[in-house]
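Enquirer: First, the structure itself, so that you have it in front of you.
The values are calculated or read from the model by the stated rules, or taken from the named source; none is laboratory data. From a predicted model like this one, the values you see are computed outputs, not experimental measurements. Heads up, the Cβs are rebuilt from the backbone with ideal geometry, glycines too, and the neighbour counts pull from every protein chain shown. Just the protein is used for accessible areas: all its heavy atoms, side chains included, with ligands, DNA and RNA removed. Shrake-Rupley method; radii C 1.70, N 1.55, O 1.52, S 1.80 Å.
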Amino acid sequence: MKAVLSFALAAVAAIFFMVGRTTAQNSAMHQQTLDNLSTAMHGEAFAYAKYNLYAQHARQSGNKKLADLFAKTARVERFQHFAEEAQLANLVGTDADNLRDAIQGESYEINTMYPNFAKQAAAVGDKAAADRFEEIRRDEMIHRDAYKAALKALESQHGEN
Ligand SMILES: [Fe+2]
Ligand SMILES: [Fe+2]
């Protein structure tokens, strides 16, 4: 029963993390469209990061033309596709809103995602992955705490929001 409940909570947290603040601020847009925007943004952001690694590899293997193609395409994914979708989804709010959203995302990784990933990797003997998940989880704590401090400073500056 407890396991079922914690799974349900994790599932809700995961969905909230994926969709983020886009749910609350876009009551005019259909939920399916918001979900699709969230999925598309994750894909575009991943393509940006991946193509930059591919560009780095091509550069290191002496293929400058291919490196330029990957780098140029990466910029379109990030600065056109992702940016346009982020605008449609109202991804960016006030500084305080953005900090709260960032704290929520980091907290999800710290409390749910990385502990589960580390546990699952350890259980099947993928020790390098388990160790990496745990190490990254500790980095996320630094991010969360820095965001919390920034939010506190912002709130004491402005009273609220
Ligand atoms: Fe794209
Ligand atoms: Fe982080």
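Enquirer: Would you list which lysines come within 16 Å of Lys50, measuring only between C-alpha atoms, while excluding same-chain residues fewer than 8 positions from it?
Expert: Lys50 reaches Lys72.
Enquirer: Once you keep just the Cα pairs under 8 angstrom separated by 6 or more residues, what percentage relative contact order results for the range 22-91? Walk me through the numbers on the way to the answer.
Expert: Numbers: 58 pairs, mean separation 29.7, N = 70.
The normalised contact order for the range 22-91 reaches 42 percent.
Enquirer: Using the beta-carbon distance between Gln32 and Asp131 and R0 = 45 Å, what value does 1/(1 + (r/R0)^6) give for FRET efficiency, to the nearest 0.05? It would help to have the intermediate numbers written out before the result.
Expert: Details: r = 39 Å, r/R0 = 0.87.
About 0.70, to the nearest 0.05.
Enquirer: Summing +1 for each Lys or Arg and -1 for each Asp or Glu, what net charge is found among the other residues whose Cβ lies under 13 Å from the Cβ of Ala83?
Expert: Numbers: positive: Arg75, Arg78; negative: Glu44, Glu77, Glu84, Glu85.
Charge balance near Ala83 sits at -2.
Enquirer: Rolling a 1.4 Å sphere over the protein heavy atoms, what is the accessible area per residue of the range 22-91, to the nearest Å²? Mind showing how you got there, number by number?
Expert: Details: 4700 Å² over 70 residues.
Ligands and nucleic acids excluded, the figure is 67 Å² per residue.
Enquirer: Checking the cross-link filter: which aspartates and glutamates have an alpha carbon closer than 16 Å to that of Lys127, excluding same-chain neighbours under 8 positions apart?
Expert: Cα-Cα hits under 16 Å: Glu135.
Enquirer: Taking a ≥ b ≥ c as the square roots of the Cα gyration tensor eigenvalues, with a/c under 1.5 meaning rounded and otherwise prolate when a/b beats b/c, else oblate, which class fits the range 83-161? Before the final figure, lay out the partial values.
Expert: Values: a/c = 3.91, a/b = 1.89, b/c = 2.07.
Judged from the Cα gyration tensor, the range 83-161 comes out oblate (a/c at least 1.5, b/c at or above a/b).
Enquirer: Another question about this same structure. Using a probe radius of 1.4 Å on heavy atoms only, what accessible surface per residue do you get for the range 93-161? Whole Å² is fine. Let's see the in-between values first.
Expert: On the way: 4440 Å² over 69 residues.
Heavy-atom SASA per residue in the range 93-161 reads 64 Å².
Enquirer: Run the accessible area of the range 22-91 with a 1.4 Å probe and give the carbon-and-sulfur part as a rounded percent.
Expert: On the way: 2720 of 4700 Å².
Of the solvent-accessible surface of the range 22-91, carbon and sulfur hold 58 percent.
Enquirer: Sorted by packing (mean other beta-carbon atoms within 10 Å per residue), highest first, where do 101-113, 78-90, 145-157 land? Working shown, then result.
Expert: Details: 101-113: 18.5, 78-90: 15.8, 145-157: 13.2.
In descending order of packing, they fall as 101-113, 78-90, 145-157.
Enquirer: Now, a different point. Going highest first, how would you order 124-135, 30-41 by mean Cβ packing within 10 Å? Write down the numbers at each step before the final one.
Expert: Numbers: 124-135: 13.2, 30-41: 15.2.
The peptides rank, most packed first, as 30-41, 124-135.
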